[in-house]
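Student: Encoded as structure tokens, here's the structure I'll be asking about.
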Amino acid sequence: MAKPQRPLFMSKHVPYVPDWVRVETAQFVPTRSDDRPDAARVAKFVRSTRRDPELRTEVLGVLRRQSLQGPDISIAMLGMLLGAIAAVAAAIAAMSPVGAWVSWLFGIGAVIVVPLFFNFAGAVHFRRIACAVWLAAYEDALRDAERRVPRR
């Protein structure tokens, strides 16, 4: 039997279900980038939260929060940090021959850190997409359910 493959861009530092999310809420939130909402799970969400608006609001809030958090700020911060390190490394390299070695060490460190960061940024991006898909599926189902219920 083949070992199940880990989805691309998964990171232990990018949880789909944060620690602060209640168990009742977590059952309606995707846990991996390859989780897909299906009709049965969406219908269960609509049924289970019909009489529990607090749970419904919490689920939609978690999904909305996760779908709005992208890697943009992290990438910008890494770029600024690497730029600052490069400027310091260039200044050190210009001061002495030992500085050239320090500059090389900074460069090697950047080559090691950046690919690790790409996995983190990719994980955030894929979580964002997955949560946006689930949020849209739930919101569409809620709108459909609201249309079917007669107004009083």
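Student: Got a sec? How would ILE112, ILE75 order by Cβ neighbour count within 10 Å, fewest to most?
Tutor: Ordered from fewest to most neighbouring Cβ atoms within 10 Å, ILE112, ILE75 come out as ILE112, ILE75.
Student: Where does the chain land at 222 nm, in deg cm²/dmol rounded to the nearest 500, when only DSSP H runs of n ≥ 4 count, each adding -39500 (n - 2.57), divided by all residues?
Tutor: -24500 deg cm²/dmol
Student: Give me MET10, MET95 sorted ascending by neighbouring Cβ count inside 10 Å, so fewest comes first.
Tutor: MET95, MET10
Student: Let me check I've understood the local charge: for ALA130, count other residues with C-beta under 11 angstrom from its C-beta, Lys and Arg +1, Asp and Glu -1. What total comes out?
Tutor: Net charge around ALA130: +2.
Student: Then there's this: Considering only C-alpha atoms, what is the centroid distance from the stretch 9-61 to the stretch 98-152, in Å?
Tutor: Centre-to-centre distance over Cα atoms comes out at 16 Å.
Student: Say the dipole of the stretch 36-148 comes from +1 at the beta carbon of Lys and Arg and -1 at that of Asp and Glu; which of VAL102, PRO115, VAL88 then lies farthest toward its positive end?
Tutor: Final value for the positive-end residue is PRO115.
Student: What residues of the stretch 106-142 lie in the reach of a label at ALA90, counting those whose backbone N is under 19 Å from a point 7 Å from the Cα along Cα→Cβ?
Tutor: So the set is 106-111.
Student: Let me ask something else about it. So if I restrict to the alpha-carbon atoms in the stretch 86-152, what is the Rg, and what is Dmax, the biggest pairwise distance, in Å?
Tutor: Looking at the stretch 86-152, its Cα Rg and Dmax stand at 25.7, 83 Å.
Student: By counting other Cβ atoms within 10 Å of each Cβ, how are ARG147, ARG22 ranked from fewest to most?
Tutor: Fewest-to-most Cβ neighbours within 10 Å comes out as ARG147, ARG22.
Student: Could you state the angle between the C-alpha long axis of helix 72-95 and the longest principal axis of the C-alpha atoms of the chain, as a value from 0 to 90 degrees rounded to the nearest 10?
Tutor: That works out to roughly 0 degrees.
Student: Still on this model: With N denoting the number of residues in the chain, provide Rg(C-alpha) divided by 2.2 N^0.38 Å, to two decimal places. Mind dumping the intermediate values first?
Tutor: Values: Rg = 22.4 Å, N = 152, 2.2 N^0.38 = 14.8 Å.
The chain yields a ratio of 1.51.
Taken together, the values in this text are just the output of simple stated rules run on the coordinates, not laboratory data. Keep in mind the model is a prediction, meaning the values are calculated, not measured. Methodologically, a virtual Cβ is constructed for each residue, glycine included, from the backbone with ideal geometry; neighbour enumeration extends over all protein chains shown.
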